[in-house]
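Shown next, in structure tokens, is the structure this report addresses.
The values are calculated or read from the model by the stated rules, or taken from the named source; none is laboratory data. Because the structure is predicted, anything quoted here is derived from the model rather than measured. Cβ sites come from the backbone with ideal geometry, for glycine too, and all protein chains shown count toward neighbours.
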Amino acid sequence: MTSVRQFQRYIWLVDLLYSRGALTRQQINDYWQNASLNDDDEAAIPRRTFFRMKDDILILFGIEIKCVGNKYTIANRDDIKNDDIQHWLLNSFSVSNLLMEGQRLRDRLLLEDIPSGNKYLTQVIDAMRRNLTLRVEYQSFKMSNPRIFEIAPYCIKVFKQRWYIIGLRDGNDELHFYSLDRVLSMEITENAFNIPKSFNADAFLHNYYGVMAGAMPAESVLLRVTPFRANYLRSLPLHHSQKEVERTDEYSLFEYWIAPTADFIQELRSFLPDIIVLRPLWLRDKFIQEAKNILDNYKKMN
């Protein structure tokens, strides 16, 4: 069985070759000498150990390390980029290893607190793999008391530091989102379920932002954005449909094909006053009315 320490070393090697490119054995060993995972202060990774690591990495991660000339490189580098899950896993474990490397800097590494819902991830993924339902005790923010029900987990999604199950609840025919940090208890049942062949997670979420998919149809949304805020949207688009359709010294216009759900609207509010909604008109009117309400509330305080 692969130990945690071995697993970390595999990630270290993959991350090294992924970030540095092709390296000789000597270059790899030079990096290894300064690695925090090198508990025994080895001058080099033993030859037999190195080749065993290569084989295990292929089996565990589907990542092939091959020798070209006298340098080792990741053969299927493009596959990793195109595989969202593989890429996410590699990045996550790489960050973990990087933090281990920086133990002496721990007082200078400021990280965000993430809710503890990830403790149920193993069960959820196991249930998805076996197509078995989950019995959960769930405390919704909308309900005063927790409820117990079964969920057929179709897929999982991360949004704003929370893990969500996208699944079908017993007695319901519409998919809903369930936040793992609101789960009080969970167990895998013996009740099997089948996902329709027509279901595709990417397609289901394609026109949505956040965790309210299926709530409303997509439509064209046009925003007028200040140059300052436009820089942020260019570097980190709000949605895959984002297009900058006009750019001037005074403003930019960004267009989206998206369902303007409450999650998306809330995100737009965080950009105020740097944006103006131009369309759809109902959304523009909504922001105008909210601005009037805010002004009225302040006037009442005087």
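Identify all residues within the stretch 234-253 that are assigned to a strand (DSSP E or B) and out of contact with any helix residue (DSSP H, G or I) (no Cβ under 6 Å at 6 or more places or on another chain); write none if there are none.
Let us first name the residues in the stretch 234-253 that are assigned to a strand (DSSP E or B), namely 243-247, 252-253.
If the condition is that a residue be assigned to a strand (DSSP E or B) and out of contact with any helix residue (DSSP H, G or I) (no Cβ under 6 Å at 6 or more places or on another chain), then Lys243, Glu244, Val245, Glu246, Arg247, Leu253 are the ones that fit.
Here is a check on your reading of the model: is Asn231 surrounded by fewer than 13 Cβ atoms within 10 Å (Cβ to Cβ), assigned by TED's automatic domain parsing to the domain that holds Cys155 and of a type outside the set (D, E, K, R)? Show your work before the answer.
Working: surrounded by fewer than 13 Cβ atoms within 10 Å (Cβ to Cβ): yes; assigned by TED's automatic domain parsing to the domain that holds Cys155: no; of a type outside the set (D, E, K, R): yes.
Judged against the criteria, Asn231 is not a match.
Return yes when Gly62 is out of contact with any helix residue (DSSP H, G or I) (no Cβ under 9 Å at 6 or more places or on another chain) and of a type outside the set (A, V, I, L, M) and no when it is not.
Details: out of contact with any helix residue (DSSP H, G or I) (no Cβ under 9 Å at 6 or more places or on another chain): no; of a type outside the set (A, V, I, L, M): yes.
Answer is no for this residue.
I need the full set of residues from the stretch 147-192 which are among the basic types (Lys, Arg) and either touching a Cys at 6+ places or on another chain (Cβ under 9 Å) or part of a strand (DSSP E or B) (or both), in order please.
The initial filter retains those residues of the stretch 147-192 that are among the basic types (Lys, Arg), namely 147, 157, 160, 162, 169, 182.
If the condition is that a residue be among the basic types (Lys, Arg) and either touching a Cys at 6+ places or on another chain (Cβ under 9 Å) or part of a strand (DSSP E or B) (or both), then Arg147, Lys157, Arg162, Arg169 are the ones that fit.
Has the stretch 71-89 got at least one residue that is more than 13 Å from Arg9 (Cα to Cα), modelled with pLDDT of 90 or more, in the same structural domain as Tyr18 (by TED's automatic domain parsing) and surrounded by fewer than 16 Cβ atoms within 10 Å (Cβ to Cβ)? Full working, then the answer.
Quick first cut of the stretch 71-89, residues more than 13 Å from Arg9 (Cα to Cα) only: 71-89.
Then keep just the ones that are modelled with pLDDT of 90 or more; that gives 71-73.
Subsequent filtering for residues that are in the same structural domain as Tyr18 (by TED's automatic domain parsing) retains 71-73.
Pick out the ones that are also surrounded by fewer than 16 Cβ atoms within 10 Å (Cβ to Cβ) and you get 71.
Within the stretch 71-89, one or more residues are more than 13 Å from Arg9 (Cα to Cα), modelled with pLDDT of 90 or more, in the same structural domain as Tyr18 (by TED's automatic domain parsing) and surrounded by fewer than 16 Cβ atoms within 10 Å (Cβ to Cβ).
Have a look at Gly214, Gly171 and point out the one that is modelled with pLDDT under 90 and under 22 Å from Glu267 (Cα atoms).
Values: Gly171 fails: under 22 Å from Glu267 (Cα atoms).
It is Gly214.
Which one of the conditions (1) aliphatic (A, V, I, L, M); (2) outside any strand (DSSP E or B); (3) outside the structural domain of Arg129 (by TED's automatic domain parsing) does Ile195 fail to meet, given that it meets all the rest?
Only one criterion in (1) aliphatic (A, V, I, L, M); (2) outside any strand (DSSP E or B); (3) outside the structural domain of Arg129 (by TED's automatic domain parsing) is unmet by Ile195, namely (3).
In this structure, does Asn302 turn out to be over 24 Å from Gly214 (Cα atoms) and in a helix (DSSP H, G or I)?
Numbers: over 24 Å from Gly214 (Cα atoms): yes; in a helix (DSSP H, G or I): no.
For Asn302, the condition - over 24 Å from Gly214 (Cα atoms) and in a helix (DSSP H, G or I) - is not met.
Do we have Tyr138 as at negative phi, in contact with a helix residue (DSSP H, G or I) (Cβ under 7 Å, 6 or more places away or on another chain) and surrounded by 12 or more Cβ atoms within 10 Å (Cβ to Cβ) here? Give the derivation first.
Values: at negative phi: yes; in contact with a helix residue (DSSP H, G or I) (Cβ under 7 Å, 6 or more places away or on another chain): yes; surrounded by 12 or more Cβ atoms within 10 Å (Cβ to Cβ): yes.
When the stated conditions are applied, Tyr138 passes them.
Cβ-Cβ under 6 Å, sequence separation 6+ or interchain: first residue in the stretch 38-66 and in contact (Cβ under 8 Å) with a residue 40 or more places away in the chain and in the same structural domain as Gln8 (by TED's automatic domain parsing), partner crowded, with 16+ Cβ neighbours inside 10 Å and among the charged types (D, E, K, R). Which pairs?
Ile65/Lys54
Could you go through the stretch 172-191 and let me know if any residue there is surrounded by 14 or more Cβ atoms within 10 Å (Cβ to Cβ) and among the small types (Gly, Ala, Ser).
yes
Please go through the stretch 198-233 and give me each residue that is part of a helix (DSSP H, G or I) and not hydroxyl-bearing (Ser, Thr, Tyr), ordered by number.
From the stretch 198-233, those part of a helix (DSSP H, G or I) are 201-205, 227-233; that's our starting set.
Within the stretch 198-233, Ala201, Asp202, Ala203, Phe204, Leu205, Pro227, Phe228, Arg229, Ala230, Asn231, Leu233 meet the criteria.
What is the one condition in (1) surrounded by 14 or more Cβ atoms within 10 Å (Cβ to Cβ); (2) out of contact with any Ser or Thr (no Cβ under 7 Å at 6 or more places or on another chain) that Ser220 does not satisfy?
With (1) surrounded by 14 or more Cβ atoms within 10 Å (Cβ to Cβ); (2) out of contact with any Ser or Thr (no Cβ under 7 Å at 6 or more places or on another chain) applied to Ser220, the lone miss is (1).
Can you find, within the stretch 242-260, the residue that is farthest from Asn231 (Cα to Cα) among those that are under 24 Å from the mean Cα position of the chain (by Cα) and of a type in the set (D, E, K, R)?
Filtering the stretch 242-260 for residues that are under 24 Å from the mean Cα position of the chain (by Cα) and of a type in the set (D, E, K, R), the one farthest from Asn231 (Cα to Cα) comes out as Glu255.
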